[in-house]
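Worksheet for the structure shown next.
Quick note: the coordinates plus some simple rules give every number you see, no bench work behind them. This is a predicted model, so every value here is computed, not measured. Here the Cβ positions follow ideal geometry from the backbone for every residue, glycine too, while neighbour counts run over all protein chains shown.
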Amino acid sequence: MKKRLISVFVMLLLPLLVVARQRVIVDTDIDSDVDDAGTLAMLYTLHKQHKINLLGTIVTSDDPFAVTCVSAFNAYYGMGDLPLGFLEGQSFLKNHSRYTRQISEEFPHDLPSWKDAETATNTYRKLLAGSPNHSVVILTIGHLSSLQRLLQSPADQYSHLNGKQLVEAKVKRWYCMGGLFPEGKEANFSRPDPGSTVFCLANWTKEVVFCGWEIGERIITGDLALKAELNPENPMYRAYELYNDFKGRASWDQVTAFLLADEASHYLELDNAGSCLLEADGSNRWIPGKKGNQFIVRFRPEANVKELAGKITDLMLGKNIPDYSYLPWVGKSVDFSHGPLVVSENKRFLVHADGTPFFYMGDTAWELFHRLTEEEIDWYLENRREKGVNVIQAVILAELDGLNTPDRNGNRPLVNNDPAQPDEAYFNWVDRIINKAAAKGLYMGLLPTWGDKVDKQWGIGPVIFNERNIAGYGRFLANRYKDYPNIIWIIGGDRNGGDANMPVWNVLANAIKSIDKNHLMTFHPYGRHTSSQWFHNADWLDFNSSQTGHANCSFDIFENLIVRDYDKLPVKPCINMEPCYEDHPVRGDICTSTTWFDDTNTRQALYWSLFSGAAGHTYGCHPIWQCMSPVYEPTGNVLNNWYDDLDLPGAGNMIHARRLFEKYDFFSRRPAPEIILTKQLVIGDMAVAVQGKGYAFVYLPNGNPVDVCLETLSEAITLILQWYNPRTGQYTLIGEVPAKGFYRAKPVSSGVGNDWILVMNSK
């Protein structure tokens, strides 16, 4: 159960400990033994449990089928996009495994042969270079030839750092299955390449944890109990069958991977009172002494080894995976080479200049420039890129005393709060962050100022803008950012667009647009309002933005805002820019599930928006918008710090919507309420539908059955029906039905949190 945050206001700019999923690169010698196969399955489970972020796999083997075997494992477990490298430059390859060739030939994968694999060194360097500093855990469960190559590597296209420097900058810890303690000779250290072990230990300066042979030897897995629960069509089943027909095997590699699990400390402990002495032949000895950077694993005195084996087996079998998971987005979130964003020909969507669709998937980090350090911003941006976010909404002149409280670098945005005197150091900082976002393919939804600098209302202010001085500030911003590839202008900032505010906002928007012809512009209104109420006909408003807000868990607000914006003339795209935020207290209406918005509510807001005609959507989280940490006082009732909530289920769910909508014809999509034949009576359980060329979707917020028309896709003779799980992104086939009459759509589960999407494809 979450504990309410008790915040202490500390204005000391102390380094912040960021708690995030461990970023893991696994280096395996999968060939002679089978524990590597079980370890891969464990890592997939830990990844899907959101305990680790599995970045990629290095295969250090002289078996030509080892890397294709791993490729087959990745494909089977739904991780076919996972980067994969193979030890390069080997003069002689020979298949000596009992199972790698068979799995490579019996199971589908995308790697034709070892010759098509990327090199281990390139894969290592690419993954490390793309990670925040001191964030990566390397897990080696084989000999260390690839790791040696990494340490010896020169600067290249991925990083200006050589291998040792890159490891020093990016790696947090190395977990090594190797050695025999207190002394002895173990295979990973001693063969086939003891020289690599000597080199790696001599050149490693970060933390390293040795999980010795004596630990895994006591833990037996892979016996008939595993066979009884495994699907025979699973490559792990085939590996254990071929290796020793489920007679059981010591779990050297698995227990090393188990160190990444939350429960590891219940069974195992680390000892760093000493160091590992290594001989030239790979034999080793633990020398007790003062504490250092080397650790060995020991069993806790009370550890139940049989129980530990059961925990490892559960991870191998993929148990306890939550009903929300996602494969991280691969590569840049957006490819800017398709040109700047424009409005589509039908005026309903956003597209790139070359016609490539753009699905707006935003996140709110309003205080990003003001409250986070550079390292924290790196963490945040990478986390959102992995979740398929492509727009980060942030404010230059921030809401929470952004004028008078310095940023984490000690700078304020304006000299003496004068809009005519922007502080160059602060704006250099903003430039730097925008460029960081661009490198990850992320747009910045850039607010020139929060609304309290125009209309104080409930804010901190102070009010510094009026019709006379705001144009100069707008021109300054336009000249500075007009050539950046990743800007979307957002005027406003949670305020009324009418009355005395209207001329000020108009002046600011027109001042920017008079210079910057490259970027789209919208307006962010206050709660339960939309930009169209004031600016729909303004030339500078390229698309409408709504704020359905933090006081509602029912469909009526979406009808009042999104549906009406969709129906307005002239036609303009519309986006819900601020719906209910995850971990935000509910203001006003009491939701059926909680008095705090959770992932159920954020998914409902997402699909109610998109199925009502929105061209995109923005996710938000209460601690994250304000970048809450112990350094600051909370705004509103706050459950956690920002870094605690990075991986909430609702955040991970957003990627499934993006993948669903980008998979189907983009420009033909329209709301289709006529598909739903059941009379809708409960506004908190409103089913909604869209259709496009050759498809239709029906969203059921609580999994309650409805009758749907099968004749809406006029060109279809037969329909293929599937259930799409918006929590996992997984499809379940229902079957084929004639495109006539109606279908009783009844998902496999119902109740709060059991939302489903019926997918109908014409055939």
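So what is the relative contact order for region 361-663, in percent, with contacts set as C-alpha pairs under 8 Å and at least six apart?
Numbers: 601 pairs, mean separation 49.4, N = 303.
Computed value for region 361-663: 16 percent relative contact order.
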Between Asp314 and Asn203, what is the label-to-label distance in nm when each label sits 7 Å out along the Cα-to-Cβ direction?
-> 4.1
For the chain, what is the calculated [θ] at 222 nm in deg cm²/dmol (nearest 500), taking -39500 (n - 2.57) for each run of four or more DSSP H residues and dividing by its residue count?
-> -8000 deg cm²/dmol
Tell me the trypsin sites (Lys or Arg not before Pro) within region 92-185 that lie in a loop according to DSSP and have at most 11 other beta-carbon atoms within 10 Å.
-> Lys94
In order through region 270-283: 3J(HN,Hα) via Karplus (6.51 cos²θ - 1.76 cosθ + 1.60), integer Hz, x for Gly, Pro = 10, 10, 10, 8, x, 8, 9, 8, 10, 8, 4, 8, x, 6
Does a label point 7 Å from the Cα of Glu711, set along Cα-to-beta-carbon, have any residues of region 722-763 with amide nitrogen under 16 Å, and which are they?
-> 738-744
Principal-axis tilt of helix 374-386 within the chain, Cα atoms, nearest 10 degrees | 90
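Got a sec? How would Phe742, Phe523, Phe465 order by Cβ neighbour count within 10 Å, fewest to most? All intermediate terms of the calculation are to be shown ahead of the outcome.
Values: Phe742 14, Phe523 27, Phe465 23.
Lowest to highest Cβ neighbour count: Phe742, Phe465, Phe523.
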Given R₀ = 35 Å, FRET efficiency for Ala273-Asp323 by Cβ-Cβ distance, to 0.05?
-> 0.20
Report Rg(Cα)/(2.2 N^0.38 Å) for region 405-513, keeping two decimals.
-> 1.06
What spacing in nm lies between the two simple spin-label points modelled at Glu229 and Ala303, each 7 Å away from Cα in the Cβ direction?
-> 2.0
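For the chain, what is the relative contact order in percent, using Cα pairs closer than 8 Å and at least 6 residues apart in sequence?
Values: 1708 pairs, mean separation 75.0, N = 763.
Relative CO of the chain lands at 10 percent.
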Residues whose modelled amide H sits under 5 Å from the amide H of Cys627, counting only those 5 or more places away in sequence or on another chain, are Glu367
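Please get the size of the charge dipole for region 22-317, origin at its Cα centre, with Cβ charges of +1 on Lys and Arg and -1 on Asp and Glu, quoted in debye to the nearest 20.
So the magnitude is around 800 debye.
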Potential extension, Trp458-Ser668 segment - 0.36 nm per residue separation minus Cα distance | 71.4 nm
Could you give the angle, 0 to 90 degrees to the nearest 10, between helix 194-203's Cα long axis and the longest principal axis of the Cα atoms of the chain?
-> 50
For the chain, longest principal axis from Cα atoms; helix 120-129 axis from its Cα atoms; angle between them, nearest 10 degrees, is 40
Around Phe181, which amide H atoms from residues at least 5 apart in sequence, or from another chain, sit under 5 Å from its own amide H, with H modelled in the peptide plane?
-> Trp213, Glu214
Putting +1 on Lys and Arg Cβ atoms and -1 on Asp and Glu Cβ atoms, find which of Trp540, Ile562, Pro634 reaches farthest to the positive end of the dipole of region 361-663.
-> Trp540
Per principal axis, largest first, the Cα atoms of region 672-762 extend in Å by 35, 28, 19
Phi angles of region 311-323, converted by Karplus (6.51 cos²θ - 1.76 cosθ + 1.60, θ = phi - 60°) into ³J(HN,Hα) in whole Hz with x for Gly and Pro, give 5, 5, 4, 4, 5, 4, 7, x, 7, 6, 7, x, 7
Give, rounded to the nearest 20 debye, the magnitude of the charge dipole that region 361-663 has about its Cα centre when Lys and Arg contribute +1 at Cβ and Asp and Glu contribute -1 at Cβ.
-> 860
When you count, for each residue, the other Cβ atoms within 10 Å and take the mean per peptide, how do 68-74, 472-478 rank with the highest first?
-> 68-74, 472-478
Per-residue HN-Hα couplings for region 572-585 [Karplus 6.51, -1.76, 1.60; θ = phi - 60°; Hz; x = Gly/Pro] = 9, x, 9, 9, 7, 8, 8, x, 4, 9, 4, 6, 9, x
Put +1 on the Cβ of every Lys and Arg and -1 on every Asp and Glu Cβ in the chain; which of Ser131, Val209, Pro673 then has its Cα farthest towards the positive end of the dipole?
-> Pro673
So how strong a dipole does the chain carry about its Cα centre when Lys and Arg Cβ are +1 and Asp and Glu Cβ are -1, to the nearest 20 debye?
-> 660
Assertion target for Tyr743, Tyr443, Tyr175, ordered by fewest C-beta neighbours within 10 angstrom first, is Tyr743, Tyr175, Tyr443
Binned at 5 Å starting from 0, the alpha-carbon pair-distance distribution of region 22-317 in whole percents comes out as 1, 6, 13, 17, 20, 19, 14, 8, 3, 1, 0
Reach of Lys746 by Cα under 15 Å, taken over aspartates and glutamates that are not fewer than 8 positions away in the same chain | Asp685, Asp707, Asp755
Cα convex hull of region 312-450, projected area averaged across orientations, nm² = 12.1
Residues whose modelled amide H sits under 5 Å from the amide H of Tyr695, counting only those 5 or more places away in sequence or on another chain, are Ser762
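Between Ser750 and Asp567, take the C-beta separation as r, use R0 = 30 Å, and let me know the FRET efficiency to the nearest 0.05. Write down the numbers at each step before the final one.
Details: r = 31 Å, r/R0 = 1.05.
Step by step, r from the Cβ atoms, then E = 0.45.
Once Rh is set to the Kirkwood radius over Cα pairs, what Stokes-Einstein translational diffusion coefficient, in µm²/s, holds for region 361-663 at a temperature of 25 °C and a viscosity of 0.890 mPa s?
Values: Rh = 19.1 Å.
Reported coefficient: 128 µm²/s.
Over 19 Å between C-alpha atoms is what I'm after, so list which of Lys51/Lys311; Lys456/Lys517; Lys170/Lys440; Lys227/Lys306 land there. Please report the intermediate quantities before stating the final value.
Numbers: Lys51/Lys311 15 Å; Lys456/Lys517 30 Å; Lys170/Lys440 17 Å; Lys227/Lys306 17 Å.
Pairs exceeding 19 Å: Lys456/Lys517.
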D for region 303-381, whole µm²/s, Stokes-Einstein with Kirkwood Rh over alpha-carbon pairs at 25 °C and 0.890 mPa s: what number?
-> 139
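Sort 29-36, 297-304, 451-458 for me by packing, meaning the mean count of neighbouring Cβ atoms within 10 Å per residue, highest on top. Don't skip to the end; give the middle numbers.
Numbers: 29-36: 24.5, 297-304: 13.8, 451-458: 20.4.
Highest-to-lowest ranking by the protection proxy: 29-36, 451-458, 297-304.
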Rank Asn510, Met79, Gln148 by how far each Cα sits towards the positive end of the charge dipole of the chain (+1 on Lys, Arg Cβ; -1 on Asp, Glu Cβ) and give me just the farthest.
-> Asn510
Among beta bridges assigned by DSSP with both residues in the chain, the antiparallel ones amount in percent, to the nearest 5, to 50
Do the alpha carbons of any pairs in Lys663/Lys740; Lys347/Lys387; Lys126/Lys663; Lys164/Lys206 sit beyond 18 Å of each other, and which pairs?
-> Lys663/Lys740; Lys347/Lys387; Lys126/Lys663
Given 0.36 nm per residue, what is the gain on full extension from Asn466 to Asp116 after removing their alpha carbon distance, in nm?
-> 119.8 nm
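Quick one: compute the contact order of region 471-522, relative version, from alpha carbon pairs under 8 angstrom and 6+ residues apart, as a percent. The partial results should precede the final answer.
Details: 48 pairs, mean separation 31.5, N = 52.
This gives 61 percent for region 471-522.
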